[in-house]
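Below is one structure, written out as structure tokens; the observations come after it.
Throughout, read-outs are computed from the coordinates displayed, never taken from laboratory work. Treat the numbers as computed from the prediction; the structure is a model and nothing was measured. We place every Cβ from the backbone using ideal geometry, glycine too, and count neighbours over all the protein chains shown.
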Amino acid sequence: MIKLEKQVRVFVILGILLLAGGVGYRLWSSQAAKPMAAASTTVPEQPAATRPAADTVRFAPNAPQLTFLQIKPVEAFPEPLEDSLNARIVYDDNHTARVFSPIAGRVVKIDAEAGRQVKAGEVLLSIDAPDFVLAAADSLKADADLVRKKEAFERAKLVFEARGLARKDLEQAEADWHLAEAEAQRAKARLKNLNANAANAEGKFLLRAPVSGLISERQVNAGSEVRPDAANPLFVITDPRRVWVLVDLPEQQLGKVKAGQPIAIEVDAYPGEVFRGKVTIISETLDPVTRRIPLRCEVDNSARKLRPEMFARVMPLVGTQSTLPRVPNSALFTQGLYSFLFVELSPGVLQRRRVTPSMQGRDFTYLREGLKAGERVVTSGALLLNSELAGND
């Protein structure tokens, strides 16, 4: 009897639990259906015409993501034939004079400073030079001896004509005159070689400028001892509007460069600025140490921005008129076989665009298709934007 009552209780409890579960399920189903119905009635489907394109990222104008991006306008540059070559700016030796002292002595006065324009023949400095004083004295002595020997010859000639002098004495007087004449010419040539006049007011040697130009270097001070065989010049006078660009051309690129070919020159001092020039001389031999071919180029330096001993990058050009958009390599990324970058359509709207490179160098890439000069490109952060597009997909 007791066992039967326990079984009845179990069945009653199970029935109550099943009834409660059924009622709860019906209530949850009815409540879940209401938000779905409300969502379907209050949020209409977005028209296909207003959906964002699959290759476009949109941000608010003040979105924090934009602070991680660098966006710059694209500029057109001359189309290069090859990647840039390392080069060096040097003096144009055809318009440069390195001035040494032709005589030993001590500098007593400096009349010219670096950065000053001088004319040919202008005094650069004064030197107390005993050898110059001796050369000037020799010239004066030779002139005086020449006058005396000439007069002696003329007297001997008159006496000989009066039959009062032997012929050999006349010939000796004539020889002495010619010897004195030669000595006077030698002394004058010595002074001329020193680029000075014998009649100097203070007896000092005046070092003069051999050419007109700008004094770019001065390596002498008052009181310095100077010698003709010094290692460094005292002054360097040059025309700053004319400089050369020296390039060490790799042997495998010799067939791509020829004399007269236009070049583009860039220096770190003026980022983004291109200087035009042309190849003038290609060496006929290779440097045995570097195994490269020395190349000399001329460049127009009318603005006087290029300075000797600057390092430069030289690019042989396809032509003087052909230009292409140039972007930093950091702006490009690849997907499969193609290259892409992001272009700013408007503030906060960035579009992924496929481009065709023409030539890619160490720092920049020149684009044949897909971009125009003046468009604004993401130069840093393109990979982040591409990840954002992948996440939206």
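Straight-line cross-link reach from K72 at under 12 Å between alpha-carbon atoms covers these aspartates and glutamates, not counting any fewer than eight positions away in the same chain: E344, E375. Per the Debye calculation on the stretch 86-202 with a single equal scatterer at every Cα and no solvent contribution, log₁₀ I(q)/I(0) for q = 0.11, 0.17, 0.23 Å⁻¹ amounts to -0.59, -0.92, -1.23. When you filter the trypsin sites (Lys or Arg not before Pro) in the stretch 107-187 for DSSP loop state and at most 14 other Cβ atoms inside 10 Å of their Cβ, you are left with R116, K119, R163.
Computing FRET efficiency as 1/(1 + (r/R0)^6) for E273 and Q253, where r is the C-beta to C-beta distance and R0 is 25 Å, gives about 0.50. Where Rh is the Kirkwood radius over the Cα pairs of the stretch 291-393, the temperature 20 °C and the viscosity 1.002 mPa s, what D in µm²/s does Stokes-Einstein return? Value of D from the Cα-based Kirkwood radius: 130 µm²/s.
Could you state the orientation-averaged shadow area of the convex hull built on the Cα atoms of the stretch 179-322, in nm² to one decimal? Kindly include the intermediate steps, with their values, before the conclusion.
Values: hull surface 59.9 nm².
Taking the Cα atoms of the stretch 179-322, their convex hull projects to 15.0 nm² on average.
Applying a DSSP loop filter and a limit of 14 other Cβ atoms within 10 Å to the trypsin sites (Lys or Arg not before Pro) in the stretch 235-273 leaves K258.
Pairs from the list K141/K204; K119/K192; K109/K305; K157/K188 with a Cα-Cα gap above 26 Å: K109/K305; K157/K188. Between R163 and I281, residue separation times 0.36 nm minus the direct Cα-Cα distance comes to 35.2 nm.
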